[in-house]
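Here is the structure we will look at, set down as structure tokens.
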Number of protein chains: 2
Amino acid sequence: MKKQDTTEEKIIAAAKKVFIAKGMMGARMQDIADEAGINKAMLHYYFRNKEKLFDKIFTEAFLSFWPKINDLLDADINLFQKIESFCHSYIDVLIENPYVPIFVLNELNRQPAVFIQKIFTSGPPKVGKLLRQIEADVKADKIKAISPVQLFINMVSMCVFPFVGKPMLQAAFGMNDLQFRKMVELRKTEIPRFIIDSISK
Amino acid sequence: MKKQDTTEEKIIAAAKKVFIAKGMMGARMQDIADEAGINKAMLHYYFRNKEKLFDKIFTEAFLSFWPKINDLLDADINLFQKIESFCHSYIDVLIENPYVPIFVLNELNRQPAVFIQKIFTSGPPKVGKLLRQIEADVKADKIKAISPVQLFINMVSMCVFPFVGKPMLQAAFGMNDLQFRKMVELRKTEIPRFIIDSISK
DNA sequence: GTCTATAACTCGATAGAC
DNA sequence: GTCTATCGAGTTATAGAC
């Protein structure tokens, strides 16, 4: 929590909470005003309209993890280390922001073009180096033959999916919130191990 | 396409398309009426209100894959065969219904309790046998030690995630629709191979 | 900057003719 | 069963006082 607690900051905090919980279409300006403890008119005074406010929140949510993840992919470390650090850091970020993935994926599917445009202007994916590392290690016979793209998708899938499927997984396996949390924590080391076991010769 | 093309069927087809594309909150009754080429009042004549219409569509979408997947998990085949058949069949279903996962996950996160209730009444997850198979194979030293739950989550994650993250993956790797399709097709065999490589001794 | 009041509009739902 | 017309609730957005 910041010392500075201006109206604008209160609005952003409230809007973040409401938009992430209900999505662009489900959220009501009144909900956000209530959450912020201010008047509805203030929202328009500061952000003009709902669309602009949403855009602000979405961009902020997206930037809360994208640059960090992106830099990890571009780091100068060997493949196994990179897989470990990526999974560890990514899951840490997701634990801190468990509802962001479904929020982002939802918007991604609602307006793919707008979304992609936003990503590429705010720093395009730096996945190239990782793909080349995988390819090089395959050629050097350090790991089994595998498509770099497939491997990358496997890694991201295993990190992200549990967060978007949480209620279903909890129901299927009878996990309460604490147990779910423990299970996800474990994945920080289990996913790298699973991947490395698979590709090691 | 059926020969029988009653108004009710036209409504259901239109509602499915619109709801899956825009979700419960984003969809408009007018959109559905337009898509069906009929009048808005007809929607209420046949389904009373939006909620009931949505429920119909959601249940139908959910049942379009749930029972099939569920039965696969419960089949009497060995572990490796089960992993192969599950990934193959699941991805086949997903290719046929690529927008269903984000639709379902969205609803899942919007109203977890309602959703879970619905699942359990329409046939609870039959994941038990698979988990016991994994456990048994670990004990019998047929595969490496791994948590059955973690392994299951890995498998489902790798199958489903590409479909919810499609636009992002296409952008990141510069894939057009055909290339994406090929990539996903490949995963029907790549995911089982990846998993089996990982857990084999 | 902040509030109250209300305009302007969207959308689900209904009435009633045919 | 199907349509047109319209109501009424709920929401975004604005006007205007303080």
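Selection of the range A:115-127 for residues being in contact (Cβ under 8 Å) with a residue 40 or more places away in the chain and surrounded by fewer than 14 Cβ atoms within 10 Å (Cβ to Cβ) yields A:Ser122, A:Gly123.
Residues that are out of contact with any strand residue (DSSP E or B) (no Cβ under 6 Å at 6 or more places or on another chain), facing chain B (nearest Cβ under 8 Å) and more than 25 Å from A:Val18 (Cβ to Cβ) number at least 3 in the following helices (runs of 4 or more DSSP H) confined to the range A:95-201: A:148-164, A:166-173, A:177-199.
Among the residues making up the range A:31-79, those that are more than 16 Å from DNA strand C (Cβ to nearest atom), within 14 Å of chain B (Cβ to nearest Cβ) and either farther than 19 Å from B:Met168 by Cα or without any contact (Cβ under 8 Å) to a residue 40 or more places away in the chain (or both) are A:Phe65, A:Ile69.
Filtered by the rule that a residue be surrounded by fewer than 20 Cβ atoms within 10 Å (Cβ to Cβ) and over 19 Å from A:Val184 (Cα atoms), the range A:89-114 gives A:Arg110, A:Gln111, A:Pro112, A:Ala113, A:Val114.
When residues in the range A:12-30 are screened for being more than 8 Å from DNA strand D (Cβ to nearest atom), more than 15 Å from A:Ala61 (Cβ to Cβ) and not small (Gly, Ala, Ser), 1 of them pass. For the range A:35-61, the set of residues classified as in a helix (DSSP H, G or I), more than 23 Å from A:Ile119 (Cβ to Cβ) and within 11 Å of DNA strand D (Cβ to nearest atom) consists of A:Lys40, A:Ala41, A:Met42, A:Leu43, A:His44, A:Tyr45, A:Tyr46, listed by residue number.
Any read-out appearing in this document is the output of simple, stated calculations on the displayed coordinates, not a laboratory observation. Everything numeric here is computed off the predicted structure, so don't read it as measured data. Every residue, glycine among them, receives a Cβ derived from its backbone with ideal geometry; neighbour counts consider all protein chains shown.
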